[in-house]
Amino acid sequence: RQYAKPRDAWRALVQPVLAEMPLAELARLSELGPTALKAARRGRSVPHPRNQRLLLTIAGDWAGEHLRSWGITLPSLPIDRCAAYLQELPGHSFAKTCAVCGKPLDNPRATYCPGGACKQQAHRNRQ
């Protein structure tokens, strides 16, 4: 799909992937404030180009983890991983993800990754 402007690609491919990600993980990885991240996820603002590149990389990596767990070959570019993720998402039941790191969980009743590190991190973040 060809987009007339980079902003069109941002809104069509990156923004929906960011909206799927846990906000806590997005904030941790990007070091951006929650207000700016919420605005970017909802389309109320378009981030600065430097932050767009950072968020594109984060979204591409997150989409790539899900594609890999679904057994799909990963495209090399982050924007292409976002596009592939959005294309494949309707055909897959959305796996529950860890509340801290966002990785897919095998146990549908789990909140955090096995091993306790993410649960411990969540406890520290609450304090």
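So the values come out like this:
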item: Restricting the stretch 61-73 to residues that are out of contact with any strand residue (DSSP E or B) (no Cβ under 8 Å at 6 or more places or on another chain) and open to solvent by 40 Å² or more (accessible area, probe 1.4 Å), the residue that is modelled with the lowest pLDDT; result: Trp70
item: Residues located in the stretch 74-116, provided they are hydrophobic (A, V, I, L, M, F, W, C) and modelled with pLDDT under 90; result: Leu89, Phe94, Ala95, Cys98, Ala99, Val100, Cys101, Leu105, Ala110, Cys113
item: Qualifying residue in the stretch 42-60 (condition: among the hydroxyl-bearing types (Ser, Thr, Tyr), over 14 Å from the mean Cα position of the chain (by Cα) and surrounded by 13 or more Cβ atoms within 10 Å (Cβ to Cβ)); result: no
item: Test: residue in the stretch 115-127 that is within 13 Å of the chain's Cα centre (by Cα) and of a type outside the set (S, T, N, Q); result: no
item: Unique match (being farther than 21 Å from Arg7 by Cβ and within 12 Å of the chain's Cα centre (by Cα)) among Pro78, Pro104; result: Pro104
item: Of all residues making up the stretch 97-117, the number that are open to solvent by less than 90 Å² (accessible area, probe 1.4 Å) and either aromatic (Phe, Trp, Tyr) or over 23 Å from Leu54 (Cα atoms) (or both); result: 9
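The values are calculated or read from the model by the stated rules, or taken from the named source; none is laboratory data. Note that the structure is predicted; figures quoted are calculated from it, not measured. Cβ sites come from the backbone with ideal geometry, for glycine too, and all protein chains shown count toward neighbours. Side chains included, ligands, DNA and RNA excluded: accessible areas come from the protein's heavy atoms. Shrake-Rupley method; radii C 1.70, N 1.55, O 1.52, S 1.80 Å.
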